[in-house]
Amino acid sequence: MRRQATTFPVKDYNLAATLSSGQSFRWQWREPNWVGVIGAHWVRLRSDTFSITAEAAEPVSDWGWLTEYLQTDSDLSGVLRTFPDDEPMRAAVAACHGLRLLRQDPWECLASFILSSTKQIVQIQQIVALLCERYGQPLAVAPRQSPGYAFPTPGRLARVTEAELRACKMGFRAPYLLATASLIAGGQFELARLGQLPVETARAELMKLPGVGRKIADCVLLFAYGFQSAFPVDVWVLKALRRLYFPRKHVSLGSLHHFAASHFGPWAGYAQQYLFHYIRTKTGEGR
């Protein structure tokens, strides 16, 4: 049956924390809803303690794309039980309870994090919105809503000039995005195969792309492919690790990666997201 709205049960799902925690940059809070785009779907979400309600602009026969994106079937309690029983993780879980990892489209995730370098979340959202408005496919939206656009394909961006990309306020990131889009559009780099590779190999492959270092590669491995051993270390996670775990020591980035790999268990990537959101929003560090 094709329906424009659906409600599905959830347990311990913090929609606000999940959509605002720096994983994806397509969501806007329009009280009492979150409005965004997933693939070719404009969607409006609202939640309560036990359910999430979704509204689309057009009738939908299969909502699997949404539950896959939101990862509503994941066993969060099982994930949390694997976290180390230490004070920083207990505090992060208590402050951000219900935070989930999304499962995103690899190309959109990769391109978005190429654009994220040295930018704050609100700035990344603005760049991505402008890029989609200028080069994304227009989408049907609900009445009285702002226009919606799909994320532009690699092929579309490969036909754009560097100057046109810079006009989207992405600065020095423009040539990286253009070169990466061209490689993928031309078939010289296949994102689809990365999910079948060992995480170390997949990371090394991603880091061959222009503008992709370890942090961006790990974000893509975690948020698009679900590699839980990927532990992105940006300035916020670096701050969390140093201040919460090594407050009186100078610890190198390499040592912190080694610590993360051994300390946070099989769901280290999940633990990273809790630390990131906690240090950025709950401790006063982000003000």
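Pull out a ≥ b ≥ c, the square roots of the eigenvalues of the alpha-carbon gyration tensor of segment 136-222, then state rounded if a/c is under 1.5, prolate if not and a/b is larger than b/c, and oblate in the remaining case.
Prolate, since a/c reaches 1.5 and a/b exceeds b/c.
What is the percent carbon and sulfur in the accessible area of segment 172-231, measuring with a 1.4 Å probe over the protein chains and ignoring ligands?
Working: 1360 of 2430 Å².
C and S fraction of accessible area: 56 percent.
Work out how much length Ala5 to Gln123 would gain on full extension: take 0.36 nm times their residue separation and subtract the Cα-Cα distance, in nm to one decimal.
Values: separation 118, 0.36 × 118 = 42.48 nm, distance 3.11 nm.
Residue separation times 0.36 nm, minus the Cα-Cα distance, leaves 39.4 nm.
Taking Lys119 as the anchor, which aspartates and glutamates have their alpha carbon closer than 20 Å to its alpha carbon, excluding any fewer than eight residues away along the same chain?
Those aspartates and glutamates meeting the cut-off are Glu108, Glu133, Glu162, Glu164, Asp218, Asp234, Glu285.
Considering only C-alpha atoms, what is the centroid distance from segment 205-257 to segment 79-107, in Å?
15 Å
Say R0 is 41 Å: what FRET efficiency, to the nearest 0.05, do Ala142 and Lys249 get from their beta-carbon distance? Kindly include the intermediate steps, with their values, before the conclusion.
Numbers: r = 53 Å, r/R0 = 1.29.
Step by step, r from the Cβ atoms, then E = 0.20.
What value, in deg cm²/dmol to 500, does the helix sum -39500 (n - 2.57) over DSSP H runs of n ≥ 4 give at 222 nm once divided by the residues of the chain?
Calculated from helices alone, the mean residue ellipticity at 222 nm is -12500 deg cm²/dmol.
Cα gyration tensor of segment 177-218, axes a ≥ b ≥ c as square roots of the eigenvalues: rounded (a/c below 1.5), prolate (a/b > b/c) or oblate?
oblate
First compute the accessible area of segment 1-136 with a 1.4 Å probe, then give the percent of it belonging to carbon and sulfur atoms.
Heavy-atom surface of segment 1-136 belonging to carbon and sulfur, 1.4 Å probe: 48 percent.
Test of understanding: in a Gaussian network model of the chain with alpha carbons linked when under 10 Å, which of Leu45, Leu256, Leu110 would top the mean-square fluctuation ranking?
The residue that fluctuates most here is Leu256.
Over the chain, give the accessible area per residue in Å² for a 1.4 Å probe, as an integer.
I get 47 Å² per residue for this part.
Suppose each label sits 7 Å from its Cα in the direction of the beta carbon; what would the Glu68-Val235 distance come out to in nanometres?
Using points 7 Å along Cα→Cβ, the separation is 3.5 nm.
What does the C-alpha gyration tensor say about the overall shape of segment 32-136? Classify as rounded when a/c is under 1.5, otherwise prolate if a/b is larger than b/c, or oblate. Before the final figure, lay out each step's value.
Numbers: a/c = 2.10, a/b = 1.28, b/c = 1.64.
Since a/c reaches 1.5 but b/c is at least a/b, the shape of segment 32-136 is classed as oblate.
The values are calculated or read from the model by the stated rules, or taken from the named source; none is laboratory data. None of the values given here were measured: they were computed from a predicted structure. Glycine gets a Cβ as well: all are built from the backbone with ideal geometry, and neighbour counts include every protein chain shown. The accessibility values were calculated without ligands, DNA or RNA, using every heavy atom of the protein model including side chains. Shrake-Rupley method; radii C 1.70, N 1.55, O 1.52, S 1.80 Å.
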